[in-house]
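Novice: Below is the structure I would like to discuss, written out as structure tokens.
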Amino acid sequence: MSHQFHPPDKLSLKGKVVVLTGGAIGIGAALVRLCHSAGAHVFFGDVLDSPGEALAQELHSDDAQLHFIHCDVTSYADNLKVFEKAFETCGRVDHAFSNAGIGEQENLIDPQLTLESVREEPKKSVKVLDVNLKGPLYFARIASVYLCQIASGDDKMSVDKSLTFTSSVAGFREDPGLYAYVTSKHGVMGLMRSLRSDLGKYKPYPIRTNTICPWMTLTRMVAGVEGLWDAAGLPSNTPEAVAQIMLGVIADPALTGEAIYVEGGRGWKLEEGKIRLRPQWLGERQTKDLDTGTEVLGSGEGWIAEQV
């Protein structure tokens, strides 16, 4: 059974409203271009104003709305502004994509640390967590409301809504030394997993929830190791190839609760096999107890008994 993800043959998003963060450069900019070319109205945020504004100006047309909004994803208000602009302009939001992220900023756990140097707060590492994890949490909260607003003329049976996150290969495997980055990207995977069931039951519109996990992608984040990577003969992604997979995830109305690993421009489903094979590696009884226990525990309300 193949777990490769093949984007739908028809990738039209004509008339759909897409909100995304981290859209000024790299993979995000490639996704903005693809969504725009697929006929979507695109509202994208980023802290990089110059490239963001230049991209919006370049793609401006009379056929579809395309707007750049300054957005620091660690600011709740900034996340809100992107959704507000889309809703005020188009009266709806159909697909939301939390893509903004940064790489490791410092060596958080360093063998050279001393009793003196360890007193200094690791602010750069905290920023990685803020951008890569707090940002998606803010984004998801706001998206869950805007995606469910009823627009005039909607046929509830045919409306497709989705929320997608960019994680990383570092979201499901270990990368020694990238302590804050790996933690944050594992967190994004956990966020998707905790949302997929609940958002799938939302009314009036269920929200599909997925995650993208790119491997080596040729962006400025990895420019210093491209030569070593090529010499090892390993596959890499272009930003455009990753964005094509992202577009497929947005446009596939049947895909939900999945994480797509992207390597060499190809996508692979991670969650489907893991869940299906869980009784084999965990055990039948343990799997049943785990699922039942999850239902009993619910969302965490009432876990702590009221103190007398």
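The values are calculated or read from the model by the stated rules, or taken from the named source; none is laboratory data. Nothing here was measured: the structure is a model prediction, and the numbers come from that model. Using ideal geometry, Cβ is built from the backbone for each residue, glycine included, and neighbour counts are taken over all protein chains shown. These accessible areas exclude ligands, DNA and RNA; they are computed on the full protein's heavy atoms, side chains included. Shrake-Rupley method; radii C 1.70, N 1.55, O 1.52, S 1.80 Å.
Novice: Provide ILE250, ILE150, ILE275 ordered by accessible surface of protein heavy atoms (probe 1.4 Å), highest first. All intermediate terms of the calculation are to be shown ahead of the outcome.
Specialist: Details: ILE250 5, ILE150 100, ILE275 80 Å².
Reading off the accessible areas and sorting them downward yields ILE150, ILE275, ILE250.
Novice: Want the number for LYS201 to SER61: 0.36 nm per residue separation, take away the alpha-carbon distance, what's left? Mind dumping the intermediate values first?
Specialist: Numbers: separation 140, 0.36 × 140 = 50.40 nm, distance 3.66 nm.
Length gained, LYS201 through SER61: 46.7 nm.
Novice: Give me the Kirkwood hydrodynamic radius of region 207-268, using the inverse of the mean 1/r over all pairs of distinct Cα atoms, in Å to one decimal.
Specialist: Values: mean 1/r = 0.0806 Å⁻¹.
Every distinct Cα pair counted, the radius reaches 12.4 Å.
Novice: Within the chain, what whole-number % of the accessible surface is contributed by carbon and sulfur, with the 1.4 Å probe and all protein chains included in the calculation?
Specialist: On the way: 8890 of 16340 Å².
Whole-percent figure for carbon plus sulfur exposure: 54.
Novice: Separate question: So which of LYS123/LYS269; LYS85/LYS161; LYS16/LYS185; LYS81/LYS134; LYS10/LYS185 end up more than 26 Å apart, counting from Cα to Cα?
Specialist: Values: LYS123/LYS269 35 Å; LYS85/LYS161 18 Å; LYS16/LYS185 28 Å; LYS81/LYS134 17 Å; LYS10/LYS185 30 Å.
Over 26 Å Cα-Cα: LYS123/LYS269; LYS16/LYS185; LYS10/LYS185.
Novice: What accessible area, in Å² to the nearest ten, does a 1.4 Å probe give for SER61?
Specialist: 40
Novice: For a Förster distance of 41 Å, can you work out the FRET efficiency between the beta-carbons of GLU272 and GLU120, rounded to the nearest 0.05? Walk me through the numbers on the way to the answer.
Specialist: On the way: r = 44 Å, r/R0 = 1.08.
That pair, GLU272 with GLU120, gives E of 0.40.
Novice: Moving on to the next point. Taking amide H atoms as placed 1.01 Å from N in the peptide plane, list the residues 5 or more away in sequence, or in a different chain, whose amide H sits under 5 Å from that of PHE5.
Specialist: Excluding prolines and chain starts, which carry no amide H, the hits are GLY267, TRP268, LYS269.
Novice: With each run of n ≥ 4 DSSP H residues scored as -39500 (n - 2.57), what mean residue ellipticity at 222 nm is computed for the chain after dividing by its residue count and rounding to the nearest 500 deg cm²/dmol? Don't skip to the end; give the middle numbers.
Specialist: Working: 11 runs with 122 residues, N = 308.
That comes out to -12000 deg cm²/dmol.
Novice: Additional query: Amide H of VAL73 versus every other amide H placed in the peptide plane: which residues, excluding those fewer than 5 positions away on the same chain, fall under 5 Å?
Specialist: The answer is none.
Novice: Treating only the Cβ of Lys, Arg, Asp and Glu as charged (+1, +1, -1, -1), what charge dipole size does region 4-297 show about its Cα centre? Round to the nearest 20 debye. It would help to have the intermediate numbers written out before the result.
Specialist: Working: 30 positive and 37 negative charges, 180 e Å.
That gives region 4-297 a dipole magnitude of about 860 debye.
Novice: Ranked from the most accessible area to the least, with a 1.4 Å probe and all protein chains present, what is the order of HIS70, HIS6, HIS41, HIS95?
Specialist: The most accessible residue leads, giving HIS6, HIS70, HIS41, HIS95.
Novice: Sticking with this one: How much accessible area does ASP46 have with a 1.4 Å probe, in Å² rounded to the nearest 10?
Specialist: 20
Novice: Could you point to the residue in THR219, ALA231, GLY200 farthest towards the positive end of region 194-238's charge dipole, with +1 and -1 charges on the Cβ of Lys/Arg and Asp/Glu respectively?
Specialist: After comparing all options, I get GLY200.
Novice: To the nearest 10 Å², what's LYS269's accessible area with a 1.4 Å probe?
Specialist: 60
Novice: Right, something else. Taking the alpha-carbon centroid of each part, what is the distance from region 260-285 to region 61-82 in angstrom?
Specialist: Centre-to-centre (Cα) distance: 34 Å.
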